[in-house]
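These notes are about the structure you will find just below.
The values are calculated or read from the model by the stated rules, or taken from the named source; none is laboratory data. This one's a predicted model, so the numbers in the text were calculated from it and none came from an experiment. FYI the Cβ positions are ideal-geometry reconstructions off the backbone, even for glycines, and counts take in every protein chain you see.
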Amino acid sequence: MENRTTVFYVDDNPKSSRLLSNVLEECGFRVIVKNDPLEALAMCQRTYFDLALLDYEMPKLSGSQLAQQIKRLAPDVPIVLLSARTMMPPEELAFVDAHFGFGTALDDLLWTMRILAHPRVVTMQDHLADQRARTQWADST
């Protein structure tokens, strides 16, 4: 059986979701991607995942609103919110375990996701996978 962290990633921008999901998979995560927050909400009722990674700015349902719904369904699942904002009002982060805004280092995002999903010692293999993914990330931007 595979022992990878499953990330449920919701972002209405297909280009961004492809890029970041590829980076996450290179770092050893299993990624389930949805580009529509309402479809994502329906899917999370029947899909297991270790962590939710949500874009903030989405039509129909914001990342904060989706976080609230996910916490209602799965209160123990950690939620990471991505936004272009460096600061967010506290009420927007009420159901979020971590927020990363503009200027976030990929290292910080990966580290936080690993810690939130499975509080454990990060292995050298994880570290090397992260280094390879950072190189690919830098080359693609």
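Cβ separations smaller than 7 Å between residues 6+ apart or across chains give the following pairs from the range 90-115 residues that are over 13 Å from residue 67 (Cβ atoms) to residues that are in a loop (DSSP other than H, G, I, E, B) and not hydrophobic (A, V, I, L, M, F, W, C): 101/83; 101/85; 101/86; 102/85; 102/86; 103/86. Taking the range 6-58 and the strands (runs of 3 or more DSSP E) fully enclosed by it, the elements with 2 or more residues that are closer than 17 Å to residue 97 by Cβ are at 6-10, 51-55.
Within the range 73-89, is even one residue charged (D, E, K, R) and not in a loop (DSSP other than H, G, I, E, B)?
no
Please state which one of 57, 39 is at pLDDT 95 or above, surrounded by fewer than 20 Cβ atoms within 10 Å (Cβ to Cβ) and within 15 Å of the chain's Cα centre (by Cα). Before the answer, list the steps.
On the way: 39 fails: within 15 Å of the chain's Cα centre (by Cα).
Matching residue, one of 57, 39: 57.
Just one residue in the set 37, 90 is touching a strand residue (DSSP E or B) at 6+ places or on another chain (Cβ under 7 Å) and more than 17 Å from residue 117 (Cα to Cα); that residue is 37.
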